[in-house]
Amino acid sequence: MADVGQRLTGCIASVRALSTLPEHRRPDAEATAFDEFRSALVPARKDRSLLESHAAEDMVSVLQLIVRRAAQRTMLKGRAKECLGILFSSHVWLQAAQSQSDLVLSLSELLADRPELLELLDTPAGAREPEATRFPSAAVEDIGDAEQRLASGKNIMASFAYQFPLDSLSDKIDVATDGFMRVFQAVTRLSTIAGKAPAGKLAFLDQYSTEDWANVMRFLLSMYESGVRKAYNERIKFVVDKLRDLCQTFRAVAEQPCWGPLGGRSAVAREASAAGPAAAGRPAAVKPQTPVVIWIDFKREAYMTSELRTTAGLILRGFHDDEQSSTFEPPAEWVKCVAEYAEDASTRLDVVVMNKKHLSMIGEISQLCRGSQAAPKFVVCTRSALAPADLQAVTAEDVACVSRWQEASELALQEVSR
């Protein structure tokens with residue numbers, strides 16, 4: 001454990017030293033410092049004394065770095081929240097987080113979907129009561145909050161007829177995802193206090209009928225199988241398994257085999273069953289990967305009129321950079337989408353179509369795919385030829401240049417069919 005403590009101390013010293021670096025060296029150094037700190041923090045969480053033997057100003061510097069990295073790279077938000085979840089178990093780190101109003105504001109924005117951490121951040125560290133004294137009154141408040149979140153999340157699901165939308169050109173996917181997140185937050189809260197809550201306070205779950213829970217399962221299954229929000233699949237399974245433990249009516253619905261990968265037994269039992277053939281010496285079936293094409297263009301019509309939209313067995317995800325449009329999504333969302341598909345074993349990012357102005361993204365996209373799959377084919381749609389200097393970040397065979405949307409669609413189909 002001494003080695004773990006020394007490693008964590010060294011990482012915090014590296015964070016402290018960031019402020020002394022020249023501006024041009026700081027971005028790379030911050031990326032390295034964050035990765036190394038996170039790697040050192042995970043084993044250190046077993047001994048709280050290792051977390052608390054640091055200067056308050058160093059803790060503030062670490063927290064500021066976590067916030068910056070999450071803001072700079074959307075795909076790092078999950079890792080940032082993981083770090084904060086560990087650090088907030090210490091009242092000393094909480095005091096450091098609460099010491100500066102601008103830091104509190106930044107942390108609150110980052111933790112908007114983590115109510116249990118927001119609650120810690122909002123409560124003065126020195127005023128927190130021991131866990132045993134907080135119940136039952138605090139538990140009743142938590143249950144009330146969870147009940148409201150569950151009801152509002154279910155209402156959003158109902159507004160989509162309990163089917164996760166696939167319209168990437170409007171805000172429907174984001175609204176539907178918000179509905180799921182409300183249910184997820186409610187179930188997370190309930191699962192943490194279920195054993196401490198006053199008797200009968202979870203009975204509101206049984207007020208939902210079999211039909212109500214079947215509708216929720218319909219939504220969860222359609223979201224799980226949509227291929228649009230793959231990063232949420234583990235959370236969906238968490239919701240199903242925890243609700244199965246908390247509510248007998250839900251359990252009876254969820255154990256029906258009609259729910260495919262979410263139905264039947266618990267997730268642990270399903271995974272053990274899935275591993276059975278391989279464990280018995282028989283090769284497990286390999287599920288085919290679904291090919292994905294991501295199209296980035298100034299004009300939405302580029303991908304809206306493409307034959308890729310109606311090609312069976314293919315996921316087409318389109319983005320445009322017309323900031324005046326109501327359907328505009330910032331580049332951070334483009335990168336997040338690439339990361340989700342690249343990390344998902346059930347999908348294969350085959351092609352990225354873009355304009356010449358987006359060439360600077362090729363290096364970042366290739367980096368995101370490294371380690372999980374081969375870099376995709378890049379198809380650049382431009383009326384002017386690409387100069388050698390334009391391709392310095394990639395090899396020539398990585399990129400094809402076309403002048404028409406139709407040509408881009410044809411090349412993408414050829415690549416997908418390989």
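Read-outs throughout are calculated quantities, based only on the coordinates presented, and are distinct from any laboratory measurement. All of these numbers come straight from a predicted model, not from anything done at the bench. Here the Cβ positions follow ideal geometry from the backbone for every residue, glycine too, while neighbour counts run over all protein chains shown.
Summary table below
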read-out: Stretchable slack from Gln95 to Asp3, in nm (0.36 nm times residue separation minus alpha-carbon distance); value: 30.5 nm
read-out: Net length gained if the chain between Ser209 and Ala56 were fully extended (0.36 nm per residue, minus Cα distance); value: 49.9 nm
read-out: Spin-label proximity, Gln367 to segment 19-63 - amide N less than 19 Å from point 7 Å beyond Cα toward beta carbon; value: 22-39
read-out: Whole-angstrom gap from segment 1-58 to segment 292-358, using each part's C-alpha centre; value: 37
read-out: For Val351, residues with placed amide H under 5 Å, excluding near neighbours; value: Val292, Ile294, Lys377
read-out: Stretchable slack from Ser417 to Gln72, in nm (0.36 nm times residue separation minus alpha-carbon distance); value: 120.7 nm
read-out: Rg over Rh, two decimals, segment 1-122 (C-alpha only, Kirkwood Rh); value: 0.93
read-out: Viscosity 1.002 mPa s, temperature 20 °C, Stokes-Einstein D of segment 305-364 from Kirkwood C-alpha radius, µm²/s; value: 163
read-out: Ranked packing of 94-101, 375-382, most packed first, by mean Cβ within 10 Å; value: 375-382, 94-101
read-out: FRET E, pair Glu23, Ala158, Förster distance 45 Å, beta-carbon r, rounded to 0.05; value: 0.30
